[in-house]
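Below you'll find the structure, written out as structure tokens, and then a few comments.
The values are calculated or read from the model by the stated rules, or taken from the named source; none is laboratory data. This one's a predicted model, so the numbers in the text were calculated from it and none came from an experiment. Side chains included, ligands, DNA and RNA excluded: accessible areas come from the protein's heavy atoms. Shrake-Rupley method; radii C 1.70, N 1.55, O 1.52, S 1.80 Å.
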Amino acid sequence: MVSEQAILDALRTVTDPDGQQDIVTAGMIRDLVVRDAEVSFTLAFTTHPPAAKARLHSLATRAVSQVPGV
């Protein structure tokens, strides 16, 4: 079973290019739900341009998908 902590640890590897901190510390992760092998969350963006939003989304998705059991 996948833990919420494992997901948050994976998401901490993704850095917000604007704030130079990880997206968890930056408060960008909202509504995290872990059910068995399924994970969902919302990325809360502020003033990021569309290309940065797409890149962060891709990086976050990739990081979470590498957690064993997801």
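General remarks:
- The angle between the Cα long axis of helix 50-65 and the longest principal axis of the Cα atoms of the chain comes to about 20 degrees, rounded to the nearest 10.
- Helical mean residue ellipticity (222 nm; -39500 (n - 2.57) per DSSP H run of 4+; nearest 500) of the chain: -10500 deg cm²/dmol
- Mean Cα-pair separation over length for the chain, i.e. relative contact order, pairs under 8 Å, 6 or more apart, %: 37 percent
- Taking all protein chains into account, the per residue accessible area for the chain stands at 63 Å² (1.4 Å probe).
- Surface composition of the chain: carbon and sulfur make up 50 percent of the accessible area, probe 1.4 Å.
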